[in-house]
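One structure is given below, represented as structure tokens, and several questions about it will come after.
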Amino acid sequence: MKDPVGRKRWAIAEGYIPGWSNGPEPQMTSHETACVLNTSEEDAHVQITIFFTDREPAGPYSVTVPARRTTHVRFNDLQDPEPIPMTLSTRA
């Protein structure tokens, strides 16, 4: 593909992770996921910053999306530089 799809900056207005879940972990752990698509011929090195309603932002979290692939990023799997809290006020 000669012309890459998308842009270099995105804002995703999602990210609600409730503090409770139904079912066994980790399959049924409450989560939000961002699907990141890389249509280019090179790996994409993505940085994600999480914003909250009641505290300062967390991040950046680093994710690599291989060339011509997608990666599903579960927000509750983001651990470095800090875990994303599972609360009613989490927004990304």
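Leaving out ligands, DNA and RNA but keeping every protein chain, what accessible area does Glu41 have, in Å² rounded to the nearest 10, with a 1.4 Å probe?
In the full protein context, Glu41 sits at about 120 Å².
Mind listing the phi-derived Karplus ³J(HN,Hα) values for the stretch 42-57, rounded to whole Hz, using 6.51, -1.76 and 1.60 with θ = phi - 60°, and x for any glycine or proline?
Along the stretch 42-57, the couplings run 10, 4, 9, 9, 9, 10, 10, 10, 9, 9, 10, 7, 10, 6, 5, x Hz.
The values are calculated or read from the model by the stated rules, or taken from the named source; none is laboratory data. Values in this document were obtained by computation on a predicted structure and should not be read as measured data. Side chains included, ligands, DNA and RNA excluded: accessible areas come from the protein's heavy atoms. Shrake-Rupley method; radii C 1.70, N 1.55, O 1.52, S 1.80 Å.
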